[in-house]
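Structure, as structure tokens:
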Amino acid sequence: MISLLLRLFHWNILRSRLQLLIMIVAVLGSLSSYVLLGTALSEMSVQVMESMRSEWPYDFEVEAWFDADLEQQITKLPGLSRLEIHTMTEVFLYSETIRLLALPKENSVLLLELEQGELPTFEDDIVLPASIAMRYGYQLGESIQLQSVKSINKPVSFHICGILSGKKGVLTYPLTTYDGLTRLQPAEKLTPTALIQLDGREELLTFEKRLQNIGRGMAIKTLTQEYEEAQANLTLSDTLVNGLRSLILMISASSLSILLYITLRSGAYQIGVLRAVGMEKPWLLIPAFLQTLLVFNIGYFSTYFLLPPVAQTMGLMTEKQALLQHLHSDFWVFLGVGMLSTLVVQLQFLSSSIPRLFREAL
Amino acid sequence: MNQQSAVIGKRISRIFPMGDTPVHALREVSITVEPGELVMLLGPSGSGKTTLLHTLSGLEKPDQGDVWVNDVSIYTLNDWKLSKLRSQYFGFVFQSFNLLPTLSALENVQIPLRLLGIKQPVKKATEILARVGLGERTHHKPSQLSGGEQQRVALARALVTRPKIVYADEPTGNLDSQTSLDMMLLLRELVSENQSACLMVTHNSEMTHLAHRVLHMRDGQLVESASRAGVS
């Protein structure tokens, strides 16, 4: 029976090579547009969400002595979008308690746009945010006295080497170098802080529980102010993206169903004959499924090779690897839709009476 | 009911809806075909010949009436059992041969044997192909065979399981007159050898001398029956 089914599959394929080619091209086209448009829209949605975040766009602050293992454990948590390790301390400026940051690494999402001067280089350099400079009347080149909240040392003097812009989204904390921080507090007492940004889809409480499960003496602080808004914005974007993707999927499924119908219809008489001589219906589904599997796999591999250059030509910023990952995950959705279309179309033929198949084929 | 009969149709009616007007394709037709009997069904187009053949062969359920094979009313069976019954007891020969083009003659003939799980399908298919005169062409594809040869392969496929009855729908419709005659003689010979019955729909009244019985149809009814007991 298996060899007979394989022969039927072979016959299905050879019956109309042009239709087969058209189907492969249709799969290639619709899969490419589904992946390209889906990826571009998803990226746009994330960009929009990030642009609506505040100057401190994090959802958790976690204090701990991080090593590579702990960092990796946190990175692997579902729902995490960004993890940055920063060093900071609390200082007194007059009667006010403010946060002083060490200059972040290059990959930080913090916006450090200067209005005047330059970023700190030496241990006594400091950059003030526009709000503090304005509130206390500090000018570029002047000195400022800060005292650590956590130690009893005398106030330490810093030289104002820059003033940050007052634009929306620019950091609102003063900045110095790591060595500058150690002037206020010994290095062994400067606990690093992991700043975590979630993807807007995960619930804060769920993520907090996951963090707590890691243990390792971490002090976890949840920042709830803007996450709900981010979630709401992302939900809206997701709805739009999913709506458009579903639309592409439906159009693709319809066109593929029509092509499948045309292909299968050309063999309706033979399906009728096979049913007449006693072949049971479920067996007749197998060659059609194998055909769909073949068409979709050829479509997948063609897309795999053609998509990156097409994306590059279109100016899509997504990296090749990320694009192929999208293709890989989207392919299963597409294959599922293809199989479902095959089933629906084939059931149309299998539920018809045999004489009707004979009549329709004439 | 005669238990020896190959197939019995009782008061079969079939109506096709054509817009608002129903078309009576069959009007209470009763028919019995006996084993070893070759029955020809003649009549103008639209008289209901093919519908009767489809109904008797389990392909199209009648609106009224019963079809009996082996004491079983076949339309009481579910689809699965009806498929099984068709493969066990019925053979089919169609006008346009309907061989699968990617299979050789030998493989085409093996299809019903494999569906029934009969042992030694290759041996049995080879034997019957030799019997229809295609012993040397078993590995040829349909496209490499003439129309007459293709119809002989189709005949071998219909008879290889030794069915109780062979249903033939215009089996010579696509063949020239000499090939048609050869085909009919072969069909009659094989049916007789197998003790199978054969119900054949045809337009060709020149072949009626080969039948044991000729039935005429008009407007969905059997209007005339002629027996030819002494057919040679």
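The values are calculated or read from the model by the stated rules, or taken from the named source; none is laboratory data. What you are looking at is a predicted structure, and each value in this text was computed from that prediction instead of being measured. Cβ: placed from backbone, ideal geometry, glycine included. Neighbour counts: every protein chain shown.
Being of a type outside the set (A, V, I, L, M) and either within 14 Å of another protein chain (Cβ to nearest Cβ) or surrounded by 18 or more Cβ atoms within 10 Å (Cβ to Cβ) (or both) is true for just one of A:SER246, A:SER257. Which residue is that?
A:SER257
Given the range A:54-130, what strands (runs of 3 or more DSSP E) lie entirely inside it while holding 1 or more residues that are assigned by TED's automatic domain parsing to the domain that holds A:ALA194, of a type in the set (Gly, Ala, Ser) and under 22 Å from A:GLU203 (Cα atoms)?
Answer list for the range A:54-130: A:80-86.
This table checks each residue for (1) among the hydroxyl-bearing types (Ser, Thr, Tyr); (2) part of a helix (DSSP H, G or I); (3) within 20 Å of B:VAL33 (Cα to Cα).
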{"position": "B:GLY148", "(1), (2), (3)": "no, yes, no"}
{"position": "B:LEU155", "(1), (2), (3)": "no, yes, yes"}
{"position": "B:ALA168", "(1), (2), (3)": "no, no, yes"}
{"position": "B:GLN178", "(1), (2), (3)": "no, yes, no"}
{"position": "B:LEU185", "(1), (2), (3)": "no, yes, yes"}
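Return the residue satisfying two criteria in turn: it lies in the range B:62-83 and is of a type outside the set (Asp, Glu) and part of a loop (DSSP other than H, G, I, E, B), and of such residues it is nearest to A:TRP283 (Cα to Cα).
Residue satisfying both the conditions and the ranking: B:ASN78.
How about the range B:62-71: which of its residues are more than 20 Å from B:VAL39 (Cβ to Cβ) and modelled with pLDDT under 90?
Across the range B:62-71, the qualifying residue is only B:ASP71.
Starting from the range B:206-232, take each residue that is over 21 Å from B:GLY65 (Cα atoms) and polar (S, T, N, Q) and list its partners that are at pLDDT 90 or above and not in a helix (DSSP H, G or I), counting only C-beta distances under 6 angstrom and pairs at least six apart or across chains.
B:THR208/B:MET40; B:THR208/B:VAL214; B:SER227/B:ARG213
crowded, with 17+ Cβ neighbours inside 10 Å and either within 14 Å of chain B (Cβ to nearest Cβ) or at negative phi (or both): does that describe A:VAL310?
So A:VAL310 fails the test.
Quick check on the range B:55-90: of everything there that is touching a residue at least 24 places away in the same chain (Cβ under 8 Å), within 13 Å of another protein chain (Cβ to nearest Cβ) and among the polar types (S, T, N, Q), which residue is surrounded by the fewest Cβ atoms within 10 Å (Cβ to Cβ)?
Here the answer is B:GLN88.
Output the number of the condition that B:MET40 fails; it satisfies all remaining conditions of (1) more than 8 Å from chain A (Cβ to nearest Cβ); (2) crowded, with 22+ Cβ neighbours inside 10 Å; (3) closer than 20 Å to A:ARG275 by Cα; (4) not acidic (Asp, Glu).
(3)
Looking for whichever is part of a strand (DSSP E or B) and buried (at least 22 other Cβ atoms within 10 Å of the Cβ) here; the options are B:LEU52, B:LEU26, B:LEU99. Which one fits?
B:LEU26
Residue by residue, here is whether (1) at negative phi; (2) assigned to a loop (DSSP other than H, G, I, E, B); (3) free of Cβ contacts under 8 Å to residues at least 60 places away in the same chain holds:
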{"residue": "A:ILE132", "(1), (2), (3)": "yes, no, yes"}
{"residue": "A:GLY141", "(1), (2), (3)": "no, yes, yes"}
{"residue": "A:GLN147", "(1), (2), (3)": "yes, no, yes"}
{"residue": "A:SER157", "(1), (2), (3)": "yes, no, yes"}
{"residue": "A:ILE160", "(1), (2), (3)": "yes, no, yes"}
{"residue": "A:GLY180", "(1), (2), (3)": "yes, no, no"}
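Out of the range A:13-29, which residues are under 22 Å from A:SER302 (Cα atoms) and more than 40 Å from the chain's Cα centre (by Cα)?
Within the range A:13-29, A:LEU14, A:SER16 meet the criteria.
Checking the conditions here, which among A:ALA194, A:ALA230 is small (Gly, Ala, Ser), touching a strand residue (DSSP E or B) at 6+ places or on another chain (Cβ under 6 Å) and surrounded by 14 or more Cβ atoms within 10 Å (Cβ to Cβ)?
That would be A:ALA194, the only listed residue that is small (Gly, Ala, Ser), touching a strand residue (DSSP E or B) at 6+ places or on another chain (Cβ under 6 Å) and surrounded by 14 or more Cβ atoms within 10 Å (Cβ to Cβ).
Within the range B:120-132, is there a residue that is farther than 20 Å from B:VAL214 by Cα, polar (S, T, N, Q), modelled with pLDDT under 90 and touching a helix residue (DSSP H, G or I) at 6+ places or on another chain (Cβ under 7 Å)?
No: the range B:120-132 contains no residue that is farther than 20 Å from B:VAL214 by Cα, polar (S, T, N, Q), modelled with pLDDT under 90 and touching a helix residue (DSSP H, G or I) at 6+ places or on another chain (Cβ under 7 Å).
What number of residues within the range B:102-121 satisfy the criterion of being surrounded by fewer than 17 Cβ atoms within 10 Å (Cβ to Cβ), among the aliphatic types (A, V, I, L, M) and more than 8 Å from chain A (Cβ to nearest Cβ)?
1
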